[in-house]
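What follows is one structure encoded as structure tokens, with my remarks underneath.
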Amino acid sequence: MDLIGLYPTWYEPGIGSGWVIGLIATIHVLFSHTAVGAAVLFAVLAYIGMRDDRPELIDFIRKYGLFLLIFSYVLGSITGPGIWYSTTVGSPRGISALIHNFVWKWATEWVFFVIEVIGVYMLVYLAGKLDRRSYMKLAVIFGITSYATMLAIVGILSFMMMPGREEWLAEGGYLLGFYGPNTFAQLAIRTAFMLTMTAVVGGFVAAGLKDLEFKRWLLRRLAVVGGLSVLVGIALYPWYLGTLPGIAHLVLENRLPDSFTPSILIVLAAMLAYFVLTFARPKVVTGAVAAVATLAILVMGLWPGETIRESARKPYIAGQYLYSNQVIGHDVPGMGVKSEIPTLQKVGFTHAGVFWPESQREITADNMVEVGRSLAITACSNCHSLSKTGIRPIGNYFPQKADIEGIKTYLLGALSTGNTMYMPQIPLKDDEAAALALYIAGLNDPEAVARYTSGDKTAFLETRSEKEVK
């Protein structure tokens, strides 16, 4: 049978499912990256505390670790499952592709994560109770296991952009899919900016210290770590861009607004200015100031960075073979995966979808708008909002005054053949294109639907049987 296992699409009408996933993921990145960066910082501070006999450093690790238990490990453990839930309903085949390729890598990451969680509890509650050498060893183990979790996750995120090696498409295999230039470039740039986050959040903890001399000493060193990590991250950015596939550069050049790069530079300059101020005037850093800086990184720093990564891998969701709308767009011989484009070209979405409503399998003059909406949700809504708000409202890409025939021509031409700049190939049958065109036209010009429903409905709809007769 000509069927493909497309799951029912989760559609959030207000902002779109993509933004829901993005919001949860961006918040989680702040929690998770701060935890990893703090783990590395703890190992260094524990070593200095042992070497120089400075018990106040051990006490700071205890306070920072106690803060992380809530900030990173409780809140992070809420947003983490939030990512799993939202991506599973929003991109079930994307998650399936990642699990099928890297299930043991993910399992390994969870083992390290369990060690990490146990480690932070031990660092908090054994501070001052263990001898300093043993405490330092515990901090180093905590730092290594925490960083190992990032290595595993970054490899999976990198695969979402592109397989590690081109040979993976033909041969498959974990090593070919996971490790590639983009993996290490992304790991390096994330390492730099995780230390930036750690320095800012660490300032929030340091602001509450009673020993003013130690507070000044610590804030200045956090400022050095944060400032240098920003500069290193900027220096690594060209390397990261150089590892992206050609289509990613095309997307970034044409999809990002002209104001994007200047705004990023302003944010980075503001971060540097904050660390310079912290170094020169440590006493200005209060809990409120550090909290504002943390929010600024989240809103103005992390969100644009995650937007770049998510936008650059379009139109794919994984391995440059699975489209964002869950359709398998290319053969992957190494994994035994077959493209679903020929099936859609043969029978269309309405006849190929296992879960497609039975009442909409045959398109008629009476259900065209309803079928058009279902097609838009299935084929378009993972990247485009179907309302005026949210991510890339689809109505903004078409004339405000309905040109139904023009939209239909585009759908049957560029979109169905894949002759677009960076969109997936979405093969539509003639009657499907008519239904989708009518629905899209109605988004900007609701009267278009009214004119259709009150006029000659059959004039616009050419059924499949009629087309086959011709």
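Being in contact with a helix residue (DSSP H, G or I) (Cβ under 7 Å, 6 or more places away or on another chain) and of a type in the set (Ser, Thr, Tyr) is the filter here, so list the residues in the range 63-81 that pass it.
Tyr64, Ser72, Tyr73, Thr79
Those residues that are outside any helix (DSSP H, G or I) and at pLDDT 90 or above, I need them from the range 397-438; list them, please. Can you show your working first?
To start, the set of residues in the range 397-438 that are outside any helix (DSSP H, G or I) comprises 398-403, 418-429.
Pro424, Gln425, Ile426, Pro427, Leu428, Lys429 - these are the residues of the range 397-438 that are outside any helix (DSSP H, G or I) and at pLDDT 90 or above.
Identify, please: which residue in the range 345-393 is at positive phi and out of contact with any Cys (no Cβ under 9 Å at 6 or more places or on another chain) and is, among those, surrounded by the fewest Cβ atoms within 10 Å (Cβ to Cβ)? Spell out how you get there, then give the answer.
First, pick out the residues of the range 345-393 that are at positive phi: 348, 390, 392.
Those left that are additionally out of contact with any Cys (no Cβ under 9 Å at 6 or more places or on another chain): 348, 390.
On the way: Gly348: 23, Gly390: 20.
Applying the filter and picking the extreme gives Gly390.
Yes/no per residue for (1) of a type outside the set (D, E, K, R); (2) more than 30 Å from Ile317 (Cβ to Cβ):
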residue	(1), (2)
Leu45	yes, yes
Ile99	yes, no
Met122	yes, yes
Asp131	no, yes
Met136	yes, yes
Val140	yes, yes
Ser146	yes, no
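Could you check the range 253-285 and list, in sequence order, the residues that are modelled with pLDDT under 75 and either farther than 30 Å from Arg392 by Cβ or assigned to a loop (DSSP other than H, G, I, E, B) (or both)?
Selection gives Leu256, Pro257, Asp258, Ser259.
Okay, residues lined up against (1) β-branched (Val, Ile, Thr); (2) over 16 Å from Leu138 (Cα atoms):
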| residue | (1), (2) |
| --- | --- |
| Ile4 | yes, yes |
| His28 | no, yes |
| Leu45 | no, no |
| Asp59 | no, no |
| Gly65 | no, no |
| Val74 | yes, yes |
| Pro81 | no, yes |
| Trp84 | no, yes |
| Gly90 | no, yes |
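Can you name the condition, by its number, that Lys388 falls short on among (1) at pLDDT below 90; (2) among the charged types (D, E, K, R); (3) farther than 28 Å from Leu23 by Cβ?
It is condition (3) that Lys388 fails.
Picking from Arg309, Arg255, Arg313, which residue would you name as being under 20 Å from the mean Cα position of the chain (by Cα) and buried (at least 21 other Cβ atoms within 10 Å of the Cβ)?
Arg313
Let's see how each residue does on (1) more than 25 Å from Pro8 (Cβ to Cβ); (2) over 19 Å from the mean Cα position of the chain (by Cα); (3) charged (D, E, K, R):
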| residue | (1), (2), (3) |
| --- | --- |
| Gly76 | yes, no, no |
| Thr88 | no, no, no |
| Ile95 | no, no, no |
| Phe102 | yes, no, no |
| Met136 | yes, yes, no |
| Met150 | yes, no, no |
| Ile153 | yes, no, no |
| Pro163 | yes, no, no |
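List the helices (runs of 4 or more DSSP H) that sit entirely inside the range 326-385 and contain at least 2 residues that are more than 28 Å from Ala448 (Cβ to Cβ).
In the range 326-385, 341-347 are the helices (runs of 4 or more DSSP H) which contain 2 or more residues that are more than 28 Å from Ala448 (Cβ to Cβ).
Could you tell me whether the range 272-284 includes any residue that is in contact (Cβ under 8 Å) with a residue 60 or more places away in the chain and either β-branched (Val, Ile, Thr) or within 28 Å of Leu6 (Cα to Cα) (or both)?
Checking the range 272-284: at least one residue is in contact (Cβ under 8 Å) with a residue 60 or more places away in the chain and either β-branched (Val, Ile, Thr) or within 28 Å of Leu6 (Cα to Cα) (or both).
Within the range 368-391, how many residues turn out to be closer than 23 Å to Leu322 by Cα and either in the same structural domain as Ile317 (by TED's automatic domain parsing) or without any contact (Cβ under 8 Å) to a residue 60 or more places away in the chain (or both)?
Residues in the range 368-391 being closer than 23 Å to Leu322 by Cα and either in the same structural domain as Ile317 (by TED's automatic domain parsing) or without any contact (Cβ under 8 Å) to a residue 60 or more places away in the chain (or both): 3 in total.
Among the listed residues Tyr121, Tyr174, Tyr179, Tyr147, identify the single one that is of a type in the set (Ser, Thr, Tyr) and more than 27 Å from Leu241 (Cβ to Cβ).
Only one candidate qualifies: Tyr121.
Hey, Thr261 hits all of (1) within 29 Å of Ile99 (Cβ to Cβ); (2) polar (S, T, N, Q); (3) without any contact (Cβ under 8 Å) to a residue 12 or more places away in the chain but one; which does it fall short on?
Failed condition: (1).
Could you look through the range 1-32, keep only residues that are within 16 Å of Glu310 (Cβ to Cβ) and among the hydroxyl-bearing types (Ser, Thr, Tyr), and pick out the one that is surrounded by the most Cβ atoms within 10 Å (Cβ to Cβ)?
Result: Ser17.
Suppose we keep only residues that are out of contact with any Ser or Thr (no Cβ under 9 Å at 6 or more places or on another chain) and of a type in the set (Gly, Ala, Ser) within the range 122-149. Which one would you say is farthest from Gly49 (Cα to Cα)?
Ser146
Between Ala148, Ala235, Ala223, Ala248, which is assigned to a helix (DSSP H, G or I) and surrounded by fewer than 18 Cβ atoms within 10 Å (Cβ to Cβ)? Explain how you work it out, then say what you get.
Details: Ala148 fails: surrounded by fewer than 18 Cβ atoms within 10 Å (Cβ to Cβ); Ala223 fails: surrounded by fewer than 18 Cβ atoms within 10 Å (Cβ to Cβ); Ala248 fails: surrounded by fewer than 18 Cβ atoms within 10 Å (Cβ to Cβ).
Testing whether each residue is assigned to a helix (DSSP H, G or I) and surrounded by fewer than 18 Cβ atoms within 10 Å (Cβ to Cβ) leaves just Ala235.
Just to be sure I understand, how many residues within the range 47-65 are out of contact with any Phe, Trp or Tyr (no Cβ under 9 Å at 6 or more places or on another chain) and either assigned to a helix (DSSP H, G or I) or at pLDDT below 90 (or both)?
Residues flagged as out of contact with any Phe, Trp or Tyr (no Cβ under 9 Å at 6 or more places or on another chain) and either assigned to a helix (DSSP H, G or I) or at pLDDT below 90 (or both) within the range 47-65 amount to 7.
Does Leu228 qualify as being crowded, with 18+ Cβ neighbours inside 10 Å and modelled with pLDDT of 90 or more?
In short, no.
With among the β-branched types (Val, Ile, Thr), in the same structural domain as Leu218 (by TED's automatic domain parsing) and free of Cβ contacts under 8 Å to residues at least 24 places away in the same chain as the only criterion, which of Ile153, Ile95 stands out?
On the way: Ile153 fails: free of Cβ contacts under 8 Å to residues at least 24 places away in the same chain.
Criteria check complete, one pass: Ile95.
The values are calculated or read from the model by the stated rules, or taken from the named source; none is laboratory data. Please read these numbers as outputs of a predicted model, since none were measured by experiment. Note that we place each Cβ from the backbone using ideal geometry, even for glycine, and neighbour counts take in every protein chain shown.
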